[in-house]
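S.K.: So that we are looking at the same thing, I have put the structure below in structure tokens.
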Amino acid sequence: MNLWNRLMCYCRRRSPWLFHMNSGSCNGCDIELIASLTPRYDAEQLGVRLEGSPRHADILCVTGPVTHNSVQAIKTVYGQVYGPKAVVAIGSCPATTNVFIDSRTLAGPLNKHIPVDVFVPGCPPRPDAIVLGVAKAAEILAQRGAQKPAAAPAAAALLTAAPEAIPGPSATAEPVTVASAPAGVSAPAAREVQP
Amino acid sequence: MNILTMLWRNLLGGSRTLLFPARPKVSKGYRGLVRFDPELCSGCAICKFRCTARAIDFKSGKGTFTWSYDPGQCTFCGRCVEGCKSHALSQDAECPPVYLTIGALKKSYTVARKPAPKAAPAAPLASGSQADPLPGGAQ
Amino acid sequence: MNLTTALARFLIFPGLLFAVPTAWFFLWVERKAVARMQGRIGPPFMQPFYDFVKLLGKDTPPRTGVAGLLMKMWPLIAVSAAAGAVGLLPVLPSSGGFEGDLILLLALLELPSMCIIAAGFSSRSIFGEIGSAREAVLSVAYNVVFLLAIVSIAASQHTFRLEALAQLPASPLRWLGVAAILVCLPAKLHLNPFSLPNAEQEIYSGPMTEYAGPELAMWELSHGLEWVAATGLVATLAAPHVALVWLAVLLFVAFSFFVVLLLSTLAAATARLAIDTTVRFYWQCTLIFAVLAISSALFMRLRS
């Protein structure tokens, strides 16, 4: 129904729920993301809520250049986010790995692994820039939900490889990567994707 | 009771939130986007050498060079600005904008190399060394 | 009490048609009041409605097997129980709510937290289990005080009928009971300082971790309806009894709104307490008031 779709787009833009993931960042961008919830910048005026579970969120905010240890966790959590979703790469690190370019411990910029919608540059970006990025992602999300998900092929493959909805502990594994890394610490070799 | 007075004052004093999309002014010394002036650049590529994030790229061509800068790669440290002898680089107090595709903010400039400045008309050196090379003149 | 009156009370007032917008309104009031007291702006007026509709539009997670069926069931049971509890409230001065009494009201008020506990365990995620265990411990702690307070009020009136409770004489026992119930409300509604099962950054949303989409919308709705039911209970016990229908409704809404503001202030002023402090608070500090209430009620019964 067209009316229902339009209502849905309207509401989706005004209620972006975030899940924040750190893929090896220095925590500068994480601090600025939390600062954007403080009274001066108040992301809640846009309806933003920082959620505790990726299954509740619409927008995945990722900070940090993607380390080898965190690649599997990023892909797992991306697969756990349901429905129309968007990804915001906060800071220069997920977009281009910034000063860590050519480092042996990194698995490249974020859009090699998951499709990214909005990049918020800065080192760290100001909280108002982060709020702008989230608002842009909410608009993209509203448009995306209007057409039924025409996800990028990489995203579609990830979604079908995502773990089932009734998981054991591994699928809601902690996004903090150290304990969940199956192989050793500095493994530059390619990792197998666990189904 | 301290927290209750704090809450009461917050209620009475109004919120200190900036209404979206208003943004605060950045302070004067804020290290933001790097600005390049092609007129002043001498093509020494010290900025590319000093750049910590490899945001600046410099390629030499025949009689020209290409200077490019990607704010998405930049870490806004300011080493390039410090190292530029010709003062062609400066940092604005301006945050980089949000973008949607990788490399959308990258800017390239192709600058023609300036001809070398003519030497001052000194005595022609081809006709023997009349100018004494050593101070103190040990022959 | 015939079928049409019962349906009107369940569906219209104080049932679903009144309760659902009021639930959204109270959720907004809580968020806005907490934001204003923290010096922020807070969400716009229709925010809980936007959240609800957006959640309805998310993809449904595929759930298989008996555990999947249970997971789909718990939010629906929670919503219907909370809606039933709101419908039972003796707001209007004529013949009470449904054909039900205080025991039914208490059971319906209890069901949403039982459903949260069950949902956390049936989601088979460790975060769900931890959250449910915390919710269970919290429930045992505050329910003793809550039930003793309500039962003492009922015992002093020699009846469990709801409309008798709405027409209480003014006595210290009534205010003691209302105070005891008010102390239990933050724990029931998962507000600071007793917001333990929702400890977001500690246990990743606790029992709700595996829920998404329309099921989460139902959980949010049941949370809102719990707000209306709990604050409505305090409002019916505390408000003076009037004969005019519109005045009774107005007083009911006004008292509920006041309780919401009180709870929001408490939520803004305090931080989350750990499980041992919470349990110690309910078992050591407040139990004495509940015991006082029930003993004074029994004493009044013995005297009369």
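The values are calculated or read from the model by the stated rules, or taken from the named source; none is laboratory data. This is a predicted model, so every value here is computed, not measured. Cβ: placed from backbone, ideal geometry, glycine included. Neighbour counts: every protein chain shown.
S.K.: Those residues that are in a loop (DSSP other than H, G, I, E, B) and not β-branched (Val, Ile, Thr), I need them from the stretch C:119-176; list them, please. Can you show your working first?
M.R.: First pass over the stretch C:119-176, keeping only residues in a loop (DSSP other than H, G, I, E, B): C:123-125, C:157-160, C:167-171.
Of everything in the stretch C:119-176, those that are in a loop (DSSP other than H, G, I, E, B) and not β-branched (Val, Ile, Thr) turn out to be C:Ser123, C:Arg124, C:Ser125, C:Gln157, C:His158, C:Phe160, C:Gln167, C:Leu168, C:Pro169, C:Ala170, C:Ser171.
S.K.: For C:Val259, work out the one condition from (1) more than 30 Å from C:Ala133 (Cα to Cα); (2) under 20 Å from the mean Cα position of the chain (by Cα) it doesn't fulfil.
M.R.: C:Val259 satisfies every listed condition except (1).
S.K.: Right, another one. Just name the residue that is nearest to B:Thr5 (Cα to Cα) out of those in the stretch C:249-304 that are of a type in the set (Phe, Trp, Tyr) and either surrounded by 13 or more Cβ atoms within 10 Å (Cβ to Cβ) or modelled with pLDDT of 85 or more (or both).
M.R.: C:Phe258
S.K.: Under 7 Å between Cβ atoms, at least 6 apart or on separate chains: pull out the pairs that start in the stretch B:12-37 with a residue that is within 11 Å of chain A (Cβ to nearest Cβ) and end on any residue that is basic (Lys, Arg).
M.R.: So the pair list comes out as B:Ser15/C:Arg36; B:Ser15/C:Arg40; B:Arg16/A:Arg40; B:Thr17/A:Arg40; B:Thr17/C:Arg40; B:Leu18/A:Arg40.
S.K.: Can you pull out every residue in the stretch C:146-168 that is in contact with a Ser or Thr (Cβ under 9 Å, 6 or more places away or on another chain) and surrounded by fewer than 19 Cβ atoms within 10 Å (Cβ to Cβ)?
M.R.: Matches in the stretch C:146-168: C:His158, C:Glu163.
S.K.: With more than 30 Å from A:Gly79 (Cα to Cα), in a helix (DSSP H, G or I) and in contact (Cβ under 8 Å) with a residue 12 or more places away in the chain as the only criterion, which of C:Leu109, C:Leu76 stands out? Please lay out each step first, then the result.
M.R.: On the way: C:Leu76 fails: more than 30 Å from A:Gly79 (Cα to Cα).
The conditions single out C:Leu109.
S.K.: Can you tell me which residues in the stretch A:118-134 are more than 7 Å from every other protein chain (Cβ to nearest Cβ) and over 19 Å from B:Phe76 (Cα atoms)?
M.R.: A:Val134
S.K.: I need the strands (runs of 3 or more DSSP E) fully contained in the stretch B:1-93, keeping only those with at least 2 residues that are in contact with a helix residue (DSSP H, G or I) (Cβ under 6 Å, 6 or more places away or on another chain).
M.R.: Those strands (runs of 3 or more DSSP E) span B:56-60, B:89-91.
S.K.: Do you know which residues across the stretch A:141-152 are assigned to a helix (DSSP H, G or I), surrounded by fewer than 19 Cβ atoms within 10 Å (Cβ to Cβ) and either aliphatic (A, V, I, L, M) or at pLDDT 90 or above (or both)?
M.R.: The one that is assigned to a helix (DSSP H, G or I), surrounded by fewer than 19 Cβ atoms within 10 Å (Cβ to Cβ) and either aliphatic (A, V, I, L, M) or at pLDDT 90 or above (or both): A:Ala146.
Condition check ((1) of a type in the set (A, V, I, L, M); (2) in contact with a strand residue (DSSP E or B) (Cβ under 9 Å, 6 or more places away or on another chain); (3) under 30 Å from A:Ala57 (Cβ atoms)) across all residues:
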{"residue": "C:Ser195", "(1), (2), (3)": "no, no, yes"}
{"residue": "C:Val245", "(1), (2), (3)": "yes, no, no"}
{"residue": "C:Val260", "(1), (2), (3)": "yes, no, yes"}
{"residue": "C:Ser264", "(1), (2), (3)": "no, no, yes"}
{"residue": "C:Trp283", "(1), (2), (3)": "no, no, no"}
{"residue": "C:Leu298", "(1), (2), (3)": "yes, no, no"}
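S.K.: Something else now. Spot the failing condition for C:Met71; the list is (1) touching a residue at least 40 places away in the same chain (Cβ under 8 Å); (2) under 30 Å from A:Thr38 (Cβ atoms); (3) more than 19 Å from the chain's Cα centre (by Cα); (4) in a helix (DSSP H, G or I), and only one is missed.
M.R.: In the conditions (1) touching a residue at least 40 places away in the same chain (Cβ under 8 Å); (2) under 30 Å from A:Thr38 (Cβ atoms); (3) more than 19 Å from the chain's Cα centre (by Cα); (4) in a helix (DSSP H, G or I), C:Met71 misses (2) alone.
S.K.: Return yes when C:Arg40 is without any contact (Cβ under 8 Å) to a residue 40 or more places away in the chain, within 16 Å of A:Ser15 (Cβ to Cβ) and basic (Lys, Arg) and no when it is not. Please lay out each step first, then the result.
M.R.: Numbers: without any contact (Cβ under 8 Å) to a residue 40 or more places away in the chain: yes; within 16 Å of A:Ser15 (Cβ to Cβ): no; basic (Lys, Arg): yes.
The answer is no for C:Arg40.
S.K.: Hey, another quick one. If you scan the stretch A:104-140, which residues turn out to be assigned to a loop (DSSP other than H, G, I, E, B) and out of contact with any strand residue (DSSP E or B) (no Cβ under 9 Å at 6 or more places or on another chain)?
M.R.: A:Arg104, A:Gly108, A:His113, A:Cys123, A:Arg126
S.K.: In the stretch C:37-51, what residues are more than 7 Å from chain A (Cβ to nearest Cβ), within 17 Å of A:Leu46 (Cβ to Cβ) and not in a loop (DSSP other than H, G, I, E, B)?
M.R.: Selection gives C:Pro48, C:Phe49.
S.K.: Please work out if C:Leu55 is touching a Leu at 6+ places or on another chain (Cβ under 8 Å), touching a residue at least 40 places away in the same chain (Cβ under 8 Å), within 24 Å of A:Val81 (Cβ to Cβ) and of a type in the set (A, V, I, L, M).
M.R.: Judged against the criteria, C:Leu55 is a match.
S.K.: Which one of the conditions (1) more than 16 Å from C:Phe194 (Cβ to Cβ); (2) crowded, with 19+ Cβ neighbours inside 10 Å; (3) of a type in the set (A, V, I, L, M, F, W, C) does C:Ile126 fail to meet, given that it meets all the rest?
M.R.: Of the numbered conditions (1) more than 16 Å from C:Phe194 (Cβ to Cβ); (2) crowded, with 19+ Cβ neighbours inside 10 Å; (3) of a type in the set (A, V, I, L, M, F, W, C), the odd one out for C:Ile126 is (2).
S.K.: Then there's this: Filter the stretch A:11-55 for residues that are more than 13 Å from the chain's Cα centre (by Cα), touching a residue at least 24 places away in the same chain (Cβ under 8 Å), assigned to a helix (DSSP H, G or I) and closer than 19 Å to C:Gly213 by Cα and give the result.
M.R.: A:Arg12, A:Arg13
S.K.: Here's a follow-up. Looking at the stretch A:72-80, is at least one residue part of a loop (DSSP other than H, G, I, E, B) and either at negative phi or in contact (Cβ under 8 Å) with a residue 40 or more places away in the chain (or both)?
M.R.: Checked against the condition, which is being part of a loop (DSSP other than H, G, I, E, B) and either at negative phi or in contact (Cβ under 8 Å) with a residue 40 or more places away in the chain (or both), the stretch A:72-80 yields no hits at all.
S.K.: Quick one: which residue in B:Arg23, B:Arg16, B:Arg31 is under 24 Å from A:Val134 (Cα atoms), surrounded by fewer than 15 Cβ atoms within 10 Å (Cβ to Cβ) and either modelled with pLDDT of 90 or more or not hydroxyl-bearing (Ser, Thr, Tyr) (or both)?
M.R.: Details: B:Arg23 fails: surrounded by fewer than 15 Cβ atoms within 10 Å (Cβ to Cβ); B:Arg31 fails: surrounded by fewer than 15 Cβ atoms within 10 Å (Cβ to Cβ).
Residue meeting the stated conditions: B:Arg16.
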